[in-house]
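*Asks:* First the structure, which I've put down as structure tokens, then a few questions once you've had a look.
The values are calculated or read from the model by the stated rules, or taken from the named source; none is laboratory data. Note that the structure is predicted; figures quoted are calculated from it, not measured. Note that each Cβ is placed from the backbone with ideal geometry, even for glycine, and that neighbours are counted across all protein chains shown.
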Amino acid sequence: MKIKIKKGDYNRVLLTDVLPYEVPILFSNEDFYHIISRDDLPCEFKELFSFENFKTTVPYTYKIKKGQASFRSLAIIHPAHQLKICHFYKQYEHLIIHLCSISDISLRYPNKIGTYYYEKDFLKDRVRLKDGGVDLVVDGFDLQSQTASSYFSYRKYPFLYKFYESFEFHRLERKYEYMVKFDISKCFSHIYTHSLAWAVKNKKYAKENTDSTHFEGALDKLFRDFNHGETNGILIGPEVSRIYAEIILQRIDLNIIEKLSKLFNLNFNDDYVIKRYVDDYFIFVSDEMHLSKIEMVLSSELEHYKLYLNESKKETTARPFITGLTIAKYELKQVIDDVYSDIVDVESMYEINSLISRKNMGDDLGKIDSVFLLDKRKKKFSRAGEIIKSIKVVIKRNEITFDQVSSYLLMALKKKLFSLLKILSIYSYDEKRYLKLMRFVSVQLEVIFFVYSMDNRVRPTYVACQIILEVNAFAERFDDDIKEVLKKNLLDEVALSLKNVISYSGGGYVEFSNILIALKELGGEYYFDQSYLIDFIDSKMNDSEGLSYFVICSILYYIHGRNDCAALIERVGNIILDKFKDNASNKNDCEMTLLISDVLSCPVLDDKYKIKAYRAFYPSGKKSKPTAEIQRTINFFRGKVVFFNWLGNKNLEQILYRKELRTPYE
């Protein structure tokens, strides 16, 4: 269902543009959005969240897995400066749209203020959600559903692959013989904040007028202030950073077109076309002689803004514009289709799906039950090894890596599995059917978590979490014996994959946190014991991040409701106190601010400990704050959520579905 947005509610920027995509499932600003408007919010937290009290703040930086052996640093802005961003949008939202709508080169940019937000009954159909969202305008005439995570409506493509599949791309392929791809090297890390003024006005004017009363000066100052005064590089993760980069890159787009016309008499949309998706460039030409000229000008214009092309990623393709990656995706789809055709009675499945879609399905239950979809006898793909081998052959033959196709592959496997589990949950079972069901689920989980083990970045982890939740929900429909076998099988596969995640040094904590959150849904009999988690903590204490906020919250959430984790709670509690005591400026540090907010609302920690944590965060001067006043603050947060949802009252499947439709930083 699409519900109209209150356009005067600028605090909704908190829900859309200030957090990275790659965060733990239960971390969000949804409750912070509500709590900041409460009159009874304790005064010390009103001050903590007020941007007027801070000149600069320190962002919470953390690392996610980027590739086979590398990490990317993302950042969360201090809550006080998140609210200042809301204030900035209120002042300048229309100018932002204007400055992001001046280039014909860009493929993804805000073009108007969003008018609807996302709301639906997710349980109505877990697998096939269709409606709801913020409008995404595609090619000027088609409306697609995005999620409520967009303050602005975006044009043209929410994901890069949609450009490849578009009518626009196919027209370019018909018109031009060659396509060259490359990107900007470490684009966000190299953006010089003052260069925004160069883009909006010009370099000479910007150097002579450095005040922060106009748009570009105010935005430059805002970005420096929430990044502890840094001018070199902008934070990676929040959508507002993409908007900052887009304003600069659109000006560079115009400069490129102008220079190519002036220097070489090359006309845009005639002699060549350039397209840009965030920081990825695509050049289309028919005359190869033009390529060096275009690349020279593009490189030169980027250098004016201290940005540089990544020559190592340059790819030149002649028609047809198809790569090994595209071929591999096509072939992997065929492999998955062949697997399910081999294992499942596909024709009967189509018939059963049509019966299920009827309003009076109860009349057809007997007919459905008589045709068991796993009754096929000759099966080439009855073993996981055969399926895995077929997948590896496609990847090797097309000279690609698992991380290039893992999300695509997991999504395809998930879609097939979910559609079949929906039907398998309807049947009545005898021993023979049980054995076939167990074998099928075992094989599918082995394949899925083999793929996940090859690439456990954040996006594949979100898909893995969806599968954990769905298989667990499926298992809950059965008697204890069958339920135990299904859940134990699931836990074994996940635990094996998790070894790869926790083996990384210096990152991977969001991935670990999300798996832990999903595994809690399996129930008490399938929990990791506290020694496993203590060993994990010990292994990470020497990392650069130590035990960070995300991991602390995820571990405490995982053990909520258990009475066998006293030693673990004490260990984590001491780590929190040490973090507060070791930081001389807790208030302007984002991680410490998030941590104290969620410690005071955490149901796992008792009030005696929370008083200690409060005093560690707010070290007193000559006169300490009375315990009774601290207790009143603790009482306010009891049973509430600020940033991390301890209550577990959110629908994890729906959160993960929304994640599918958001664009990660890549």
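*Asks:* Which is more than 30 Å from Ile468 (Cβ to Cβ), part of a helix (DSSP H, G or I) and in contact (Cβ under 8 Å) with a residue 24 or more places away in the chain, of Ile634, Ile630, Ile655?
*Replies:* Working: Ile630 fails: in contact (Cβ under 8 Å) with a residue 24 or more places away in the chain; Ile655 fails: more than 30 Å from Ile468 (Cβ to Cβ).
One residue alone meets the criteria, Ile634.
*Asks:* Out of all the residues in the stretch 320-336, which are more than 27 Å from the chain's Cα centre (by Cα) and free of Cβ contacts under 8 Å to residues at least 24 places away in the same chain?
*Replies:* Of everything in the stretch 320-336, those that are more than 27 Å from the chain's Cα centre (by Cα) and free of Cβ contacts under 8 Å to residues at least 24 places away in the same chain turn out to be Ile322, Gln334.
*Asks:* On the basis of being among the aromatic types (Phe, Trp, Tyr), within 30 Å of Glu653 (Cβ to Cβ) and either at pLDDT 80 or above or surrounded by 16 or more Cβ atoms within 10 Å (Cβ to Cβ) (or both), does Tyr89 make the cut? Lay out the reasoning, then the answer.
*Replies:* Values: among the aromatic types (Phe, Trp, Tyr): yes; within 30 Å of Glu653 (Cβ to Cβ): no; either at pLDDT 80 or above or surrounded by 16 or more Cβ atoms within 10 Å (Cβ to Cβ) (or both): yes.
Taking the combined requirement at face value, the residue does not satisfy it.
*Asks:* Here's a follow-up. Before we move on, is Glu399 among the acidic types (Asp, Glu) and free of Cβ contacts under 8 Å to residues at least 60 places away in the same chain? Spell out how you get there, then give the answer.
*Replies:* Working: among the acidic types (Asp, Glu): yes; free of Cβ contacts under 8 Å to residues at least 60 places away in the same chain: no.
In short, no.
*Asks:* Exactly one condition in (1) without any contact (Cβ under 8 Å) to a residue 24 or more places away in the chain; (2) of a type in the set (Lys, Arg); (3) not in a helix (DSSP H, G or I) is false for Arg477; which is it?
*Replies:* The single condition Arg477 does not satisfy is (1).
This table checks each residue for (1) at pLDDT below 95; (2) crowded, with 20+ Cβ neighbours inside 10 Å; (3) under 22 Å from Gln68 (Cβ atoms).
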{"site": "Lys379", "(1), (2), (3)": "yes, no, no"}
{"site": "Arg383", "(1), (2), (3)": "yes, no, no"}
{"site": "Arg397", "(1), (2), (3)": "no, no, yes"}
{"site": "Leu410", "(1), (2), (3)": "no, yes, yes"}
{"site": "Phe449", "(1), (2), (3)": "no, yes, yes"}
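*Asks:* Exactly one of (1) among the hydroxyl-bearing types (Ser, Thr, Tyr); (2) without any contact (Cβ under 8 Å) to a residue 24 or more places away in the chain; (3) surrounded by 14 or more Cβ atoms within 10 Å (Cβ to Cβ) is unmet by Ser73. Its number?
*Replies:* Of everything listed in (1) among the hydroxyl-bearing types (Ser, Thr, Tyr); (2) without any contact (Cβ under 8 Å) to a residue 24 or more places away in the chain; (3) surrounded by 14 or more Cβ atoms within 10 Å (Cβ to Cβ), Ser73 misses just condition (2).
*Asks:* May I ask you to verify whether Lys520 is exposed (fewer than 14 other Cβ atoms within 10 Å of the Cβ) and either basic (Lys, Arg) or in contact (Cβ under 8 Å) with a residue 40 or more places away in the chain (or both)? Walk me through how you get there before you give the answer.
*Replies:* On the way: exposed (fewer than 14 other Cβ atoms within 10 Å of the Cβ): no; either basic (Lys, Arg) or in contact (Cβ under 8 Å) with a residue 40 or more places away in the chain (or both): yes.
So Lys520 fails the test.
*Asks:* Output the residues belonging to the stretch 558-589 that are over 28 Å from Pro619 (Cβ atoms) and not in a loop (DSSP other than H, G, I, E, B). Lay out the reasoning, then the answer.
*Replies:* Taking the stretch 558-589 as the starting set, the residues that turn out to be over 28 Å from Pro619 (Cβ atoms) are 558-565.
Tyr558, Ile559 - these are the residues of the stretch 558-589 that are over 28 Å from Pro619 (Cβ atoms) and not in a loop (DSSP other than H, G, I, E, B).
*Asks:* Right, something else. Pick from the stretch 523-548 the residues that are of a type in the set (S, T, N, Q) and not in a helix (DSSP H, G or I): which of them is surrounded by the most Cβ atoms within 10 Å (Cβ to Cβ)?
*Replies:* Filtering the stretch 523-548 down to residues of a type in the set (S, T, N, Q) leaves 530-531, 539, 542, 544, 548.
Now narrow it down to the ones that are not in a helix (DSSP H, G or I): 542, 544, 548.
Details: Asn542: 9, Ser544: 10, Ser548: 22.
Among those that are of a type in the set (S, T, N, Q) and not in a helix (DSSP H, G or I), it is Ser548.
*Asks:* Of the conditions (1) of a type in the set (Asp, Glu); (2) buried (at least 17 other Cβ atoms within 10 Å of the Cβ); (3) under 26 Å from the mean Cα position of the chain (by Cα); (4) farther than 15 Å from Lys181 by Cα, Glu301 satisfies every one except a single condition; which number is it?
*Replies:* Checking Glu301 against (1) of a type in the set (Asp, Glu); (2) buried (at least 17 other Cβ atoms within 10 Å of the Cβ); (3) under 26 Å from the mean Cα position of the chain (by Cα); (4) farther than 15 Å from Lys181 by Cα, the one that fails is (3).
*Asks:* If Asn269 passes every condition in (1) surrounded by 16 or more Cβ atoms within 10 Å (Cβ to Cβ); (2) polar (S, T, N, Q); (3) on the phi > 0 side of the Ramachandran plot but one, which one does it miss?
*Replies:* All conditions pass for Asn269, except number (1).
*Asks:* What are the residue pairs meeting all of these: first residue in the stretch 481-502, first residue in contact (Cβ under 8 Å) with a residue 12 or more places away in the chain, second residue of a type in the set (D, E, K, R) and surrounded by 14 or more Cβ atoms within 10 Å (Cβ to Cβ), Cβ atoms under 8 Å, and 6 or more apart or on different chains?
*Replies:* Sorted first by the residue in the stretch 481-502, then by its partner, the pairs are Glu493/Glu446; Val501/Glu511.
*Asks:* Assuming Lys640 fulfils every condition listed in (1) touching a helix residue (DSSP H, G or I) at 6+ places or on another chain (Cβ under 9 Å); (2) part of a helix (DSSP H, G or I) apart from one, which condition is it?
*Replies:* (2)
*Asks:* Given the criterion under 25 Å from Gly639 (Cβ atoms) and without any contact (Cβ under 8 Å) to a residue 12 or more places away in the chain, identify the matching residue among His34, His98.
*Replies:* On the way: His98 fails: under 25 Å from Gly639 (Cβ atoms).
One residue alone meets the criteria, His34.
*Asks:* Restricting the search to the stretch 593-627, which residues are outside any loop (DSSP other than H, G, I, E, B) and without any contact (Cβ under 8 Å) to a residue 12 or more places away in the chain?
*Replies:* Step one: filter the stretch 593-627 for residues outside any loop (DSSP other than H, G, I, E, B), giving 593-601, 607-617, 627.
Once the filter is applied, which keeps residues that are outside any loop (DSSP other than H, G, I, E, B) and without any contact (Cβ under 8 Å) to a residue 12 or more places away in the chain, the stretch 593-627 yields only Lys608.
*Asks:* May I ask you to say which residue of Leu595, Leu656 is of a type in the set (A, V, I, L, M, F, W, C) and at pLDDT below 95? So that I can check it myself, show each step before the final result.
*Replies:* On the way: Leu595 fails: at pLDDT below 95.
Only one candidate qualifies: Leu656.
*Asks:* Checking Val551 against (1) more than 19 Å from the chain's Cα centre (by Cα); (2) farther than 19 Å from Ile468 by Cα; (3) hydrophobic (A, V, I, L, M, F, W, C); (4) assigned to a helix (DSSP H, G or I), only one condition comes out false. Which one?
*Replies:* Failed condition: (1).
*Asks:* Can you run down the residue pairs with Cβ atoms below 8 Å, 6 or more apart or on separate chains, where the first is in the stretch 337-349 and outside any helix (DSSP H, G or I) and the partner is of a type in the set (D, E, K, R)?
*Replies:* Matching pairs, first to second residue: Val344/Lys376; Asp345/Asp375; Asp345/Lys376.
*Asks:* Can you tell me which residue among Leu355, Leu365 is modelled with pLDDT under 95, out of contact with any Asp or Glu (no Cβ under 7 Å at 6 or more places or on another chain) and either in a helix (DSSP H, G or I) or under 22 Å from Ser189 (Cβ atoms) (or both)? I'd like the intermediate steps shown before the answer.
*Replies:* Values: Leu355 fails: out of contact with any Asp or Glu (no Cβ under 7 Å at 6 or more places or on another chain).
Exactly one residue qualifies, and that residue is Leu365.
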